[in-house]
Every structure is written in C-alpha cells, then in structure tokens.
C-alpha cells in the first residue's frame, strides 16, 4: 500500500511483478525483478537497442530503469513478449504525477 508521499518506484512489489510507471513529463520508470532483468533486458541494453536516461539502478533484488517514451514503448513490447513466454511474471502499469 502507498504510504505518505512515497514515489511508486519505492512501493512494495512481489518478486514476479514488473512495475511500469508513466510519470508526467514523458519519463517512464521500469521496476524489474533482477533475475528478469538479467535474463531478458540486460543484453537489450548492452546491444544498444534501448538507451536508458540514466545508468540502471541495480539493487540486490530489483533494477530501476528510467526511459524516454519511445524507449519505454519498445521495452514494454519486448517485456510483454517475454511475459507471454514465461507466465511466472506479470506487469503492472500506472501513471504518477
């Protein structure tokens, strides 16, 4: 549950949840499980297909990516394909102003 003025990227999420936050101003934040990031997303960034606004913030369990609208839409499509192949994960999308 939301507490105070906490930004959604700090909200508690399940291990299987991919949280996509659309912020005002056209920026997106992806909050990904680290194992999902390592298996599906890291190489997409390393190969230059997606260019985060800032270097990914990698913690022990999660990875935060900040992306522009165009990059976010491409990554979202890629993630949806991977989720369809691996139903252990699910995506939650929300807008935050």
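The values are calculated or read from the model by the stated rules, or taken from the named source; none is laboratory data. This structure is a prediction, so every number in the text was calculated from the model and none was measured. Here Cβ is always computed from backbone atoms with ideal geometry, including for glycine, and neighbour counts include all displayed protein chains.
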* How many residues are over 21 Å from residue 84 (Cα atoms) and free of Cβ contacts under 8 Å to residues at least 12 places away in the same chain when one looks only at segment 34-67? -> 5
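Against the definition (surrounded by fewer than 17 Cβ atoms within 10 Å (Cβ to Cβ) and touching a helix residue (DSSP H, G or I) at 6+ places or on another chain (Cβ under 8 Å)), how does residue 16 come out, yes or no? Step through it out loud before you land on a result.
Details: surrounded by fewer than 17 Cβ atoms within 10 Å (Cβ to Cβ): yes; touching a helix residue (DSSP H, G or I) at 6+ places or on another chain (Cβ under 8 Å): no.
The answer is no for residue 16.
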* In segment 60-97, what residues are assigned to a loop (DSSP other than H, G, I, E, B) and within 15 Å of residue 29 (Cα to Cα)? -> 68, 97
* To do: Looking at (1) within 21 Å of residue 11 (Cα to Cα); (2) loosely packed, with under 12 Cβ neighbours inside 10 Å, find the lone condition where residue 57 falls short.
  => (2)
* To do: Answer with yes or no whether residue 31 is without any contact (Cβ under 8 Å) to a residue 12 or more places away in the chain, surrounded by 13 or more Cβ atoms within 10 Å (Cβ to Cβ) and either within 20 Å of residue 11 (Cβ to Cβ) or in contact with a strand residue (DSSP E or B) (Cβ under 9 Å, 6 or more places away or on another chain) (or both).
  => no
* Structure fact -> Of (1) under 19 Å from residue 96 (Cα atoms); (2) at pLDDT 95 or above, residue 41 fails just (1)
* **Counted residues, segment 1-38 - those being assigned to a helix (DSSP H, G or I), modelled with pLDDT of 95 or more and closer than 23 Å to residue 69 by Cβ** => 2
